[in-house]
1. Determine the share of the stretch 183-269's accessible area contributed by carbon and sulfur atoms, expressed in whole percent, with a 1.4 angstrom probe.
2. When only Cα pairs under 8 Å and 6 or more residues apart are kept, what is the percent relative contact order across the stretch 183-230?
3. Around G106, what is the net charge, scoring Lys/Arg as +1 and Asp/Glu as -1 over all other residues with Cβ under 11 Å from its Cβ?
4. Under a GNM of the chain (C-alpha, springs under 10 Å), which listed residue has the highest mean-square fluctuation: M253, M53, M86?
5. Apply the Kirkwood formula to the stretch 295-372: the hydrodynamic radius equals the inverse of the mean of 1/r over all pairs of different alpha-carbon atoms; give it in Å with one decimal.
6. Any chance you could look up the accessible area of H209 with a 1.4 Å probe, heavy atoms only, rounded to 10 Å²?
7. Using unit Cβ charges (K, R positive; D, E negative) and no other charged atoms, how large, in debye to the nearest 20, is the dipole of the chain about its Cα centre?
8. For every helix of n ≥ 4 consecutive DSSP H residues, a contribution of -39,500 (n - 2.57) applies; sum these over the chain, divide by its total residues, and give [θ] at 222 nm rounded to the nearest 500 deg cm²/dmol.
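The values are calculated or read from the model by the stated rules, or taken from the named source; none is laboratory data. Since we're looking at a predicted model, the values are computed, not measured. Cβ placement follows ideal geometry from the backbone for every residue including glycine, while neighbour counts extend to all protein chains displayed. With ligands, DNA and RNA removed, areas are computed over all heavy atoms of the protein, side chains included. Shrake-Rupley method; radii C 1.70, N 1.55, O 1.52, S 1.80 Å.
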Amino acid sequence: MALPVLSTLRDQAGRLALQAAGRLTTPLLPDDYLALLDPLLSARWPAGRVQAMLQETPEATTLVIRPGRGWSGHRPGQYVPVGAEMDGVLTWRTYTISSAPGRRPGEPFAITVKALPGGRVSTHLARRVRPGTVLRLGPVQGEFVLPAGALPGKVLMLTAGIGVTPVMSMLRALARSGGHATADVDVVMVHSAPDAERTVFGAELRALHAALPWFRLYEHRTRPAGHLTVGRLSALCPDWRERDTWMCGPEAMLDSFQQHWQREGSGHRLRLERFRPLALLPPARAGAPGRVRFLRSDVETDAGPDTPLLDIGEAAGVLMPSGCRMGICFSCVSPLVAGRIRDLRTGEVSGEPGDLVQTCVSAAAGAVALDL
Ligand code: FES
């Protein structure tokens, strides 16, 4: 392993060399040439190479991905936009990271993908991708995470189906740290799946249950018992009201259990992962109109301060990638080349060259250039 001081000097020398080379290679940056040599060398356009594919169930596959230079790691429970090239088009979706955070920078991480009926990208990733495939990676995000400090004394993990993935990352991190394996910590997991064969991570969860004194697993089988109900949960975990709860699963389950927690006055103990759009802010009264250049399309046009870049591009005839148009799927992300953008959900203005912009929920804050 490199000594820290040597490593720092080497990093500084590398940065200086890149800056110097940058003056010689404008308008392309040295990073762009590195990406041509190997996509994993690019820090501007983070990417990862699939190292292994693990079949978890007939529908779910884990992709072990070795990230390149631009990867900055994750917290257990977070998700990452993944871009896969399909028929020559880069298509983005978000996937929860199922592995524990790496111990060292650049260690592989894993996403676990269930092939959904009609799900073009999920089927591609779960069934067709092979080791060696390069995938683009967006910025890691998500607030459905464990607390940074001590874990609450009593915890309930309530999951169903592929909703197990963020909790699996948390459990793997907890099991590895050993720091929570004290008599003060008591983690109960209630997981619902159709049957044993279709329980993603079933064998590993049962092994954790057998090995860890602070962890208890209760499995609910929907075949033939039907969906997990509030009554069934109360029978499996009678003290659920006293537990800080992390819940992830299908929308219908989240809705019904969230209502139950709120009715019982325990809503403050519940954290859940829900891929729903945040509402857009009302139109800003201040804010000057901007101008957008779509560089690859060689199109330049005016941009209202509250109009999504996606709408502006489409109105100007630019072929814009898109999906949900609500800020959920990340199908619309495009690289920012210059300028600043306003997040129409939060009003926050940000932007550095190389940032991936969700064009459906971002407006121009002044002059903007996109790599489209
Ligand atoms: S996030 Fe889905 S289209 Fe923008």
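1. 53 percent
2. Relative contact order for the stretch 183-230 comes out at 50 percent.
3. Surrounding charge for G106 is +3.
4. M86
5. Hydrodynamic radius (Kirkwood, Cα only) of the stretch 295-372 equals 12.1 Å.
6. Its heavy atoms expose roughly 80 Å² to the probe.
7. Result for the chain is approximately 540 debye, rounded to the nearest 20.
8. About -7000 deg cm²/dmol.
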